[in-house]
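Asks: Supplied in structure tokens, the structure appears directly below.
Just so you know, all these numbers are worked out from the coordinates, no wet-lab data involved. Keep in mind the model is a prediction, meaning the values are calculated, not measured. Every residue, glycine as well, gets a Cβ built from its backbone with ideal geometry; the counts of neighbours run over all protein chains shown.
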Amino acid sequence: MDSLSIAYPIDLHTHSLRSDGALSPADLIRRAADRGVSVLSLSDHDTLAGVAEAVAAGDALGVRVIPASELNTESEWGDAHVLGYFIDPADQPLEARLRWLRENRGRRIELMVEKLNQLGYSVSLDRVLEIAQGGALGRPHLAEALLEKGYVRSYEESFDTILAKGSPAYVARVGLSPLEAVALVRTHGGVPSLAHPGTVVGLEALLPKMVAAGLAGIEAYYGEHSPEMTERCLALARTHGLVPTGGSDFHGRGEHGVDLGAVFVPPETIEMLRSRRVNA
Ligand code: AMP
Ligand code: FE
Ligand code: FE
Ligand code: ZN
């Protein structure tokens, strides 16, 4: 990971070791500060566990941290992930729901380890837990374990082959539907935005349903988007009255996502999102 490229100041989609990223929240903030990012949302999957550490590091280094979580969902709509902004790590009922999602993640990964073992891949759950270092478990941790055992040549290759949806080791997620994820964020006073809309199957059909459930944003600015995809998302934002959001989806693990601040996000986005809080 070299960090010599120029970065933009706002990044609303990042991951740390508290889920499937590779850096501690404090190291993530240090990297952000080094790159000139001044507003960063830590959006770990199904957890707010990194927020306090990120805020403390941000206070010291001049990086404003917006708490968030990315809720991965299970449905016929493909990978519809919901970013929930401005949710509160001290909200205990919310934490109970997130804990349930993390427990489901753990069971899913245990089942996938069993299947991998049956298929002849010798990866141990203990090693996967070591790699995750207490973070919300996910397939990236399995991908690392497979890579270090030499079963694949790259982290990405395991997602294309052994860990792909439809492969014999794959286990479906038990969790929220996209509409339930939007509702959960809204119930807890947050502002939901649809992450990387390009991975949704049936975007134009799903979006009005999500808007009716309370969706407020759409991640128009994203590293893997072509200019045409960004334009399509901006048009959808206008049609549905959504705030165009954006971020790097930096994980620091493999090549998934781009570097911190590498995606342009308009400065007015923060206030537009803030204004969509119900009790703002
Ligand atoms: P899971 O939540 O366990 O299904 O894992 C999904 C996570 O895997 C995403 O949040 C990404 O961090 C990562 N991921 C998904 N697809 C890929 C891919 N093609 N290459 C690398 N990482 C991926
Ligand atoms: Fe991830
Ligand atoms: Fe995602
Ligand atoms: Zn993400």
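Asks: Return the percentage of antiparallel bridges among DSSP beta bridges fully within segment 11-158, rounded to the nearest 5 %. Before the final figure, lay out the partial values.
Replies: Numbers: 4 of 11 bridges.
The antiparallel fraction comes to roughly 35 percent.
Asks: Which of PRO67, PRO244, PRO266 ends up with the largest GNM mean-square fluctuation for the chain, with Cα atoms connected below 10 Å?
Replies: PRO266
Asks: By a straight-distance test (C-alpha under 30 Å), which lysines pair with LYS149 as possible cross-link partners, with residues fewer than eight away in the same chain excluded?
Replies: Within the straight-line cut-off, LYS149 pairs with LYS115, LYS165.
Asks: If you count the DSSP beta bridges with both ends in the chain, what percent of them are antiparallel, to the nearest 5?
Replies: Details: 9 of 25 bridges.
Of the beta bridges lying entirely in the chain, close to 35 percent run antiparallel.
Asks: Might you report the magnitude of the Cβ-based charge dipole of the chain about its Cα centre, with Lys and Arg at +1 and Asp and Glu at -1, to the nearest 20 debye?
Replies: Working: 26 positive and 37 negative charges, 110 e Å.
For this selection, approximately 520 debye.
Asks: Then there is this: Need the list of aspartates and glutamates near LYS209 for cross-linking: C-alpha distance under 15 angstrom, and skip anything on the same chain fewer than eight residues off.
Replies: In chain and number order, the partners are GLU76, GLU180.
Asks: Counting pairs of Cα atoms in the chain, how many percent are more than 34 Å apart? Display every interim value, and only then the final one.
Replies: Numbers: 5700 of 39060 pairs.
More than 34 Å apart: 15 percent of the Cα pairs in the chain.
Asks: For segment 98-160, what is the largest minus smallest coordinate of the Cα atoms on each principal axis, given in angstrom and ordered from greatest to least?
Replies: 33, 21, 21
Asks: If you don't mind, there's one more thing I want to ask. Rounded to the nearest 500, what is the 222 nm mean residue ellipticity of the chain from helices alone, with -39500 (n - 2.57) per DSSP H run of 4+ residues and division by all residues?
Replies: -12500 deg cm²/dmol
Asks: Could I ask something else about it? If you build the Cα gyration tensor of segment 94-207 and take the root of 5 times each eigenvalue, what three semi-axes come out, in whole angstrom, biggest first? Can you show the working numbers first?
Replies: Values: eigenvalues 164, 62, 29 Å².
Those come to 29, 18, 12 Å.
Asks: Continuing with this model, one more query. For segment 180-276, state the semi-axes of the equivalent ellipsoid (square roots of 5 times the eigenvalues of the alpha-carbon gyration tensor), sorted largest first and rounded to whole angstrom. Working shown, then result.
Replies: On the way: eigenvalues 87, 48, 40 Å².
Semi-axes from the Cα gyration tensor: 21, 15, 14 Å.
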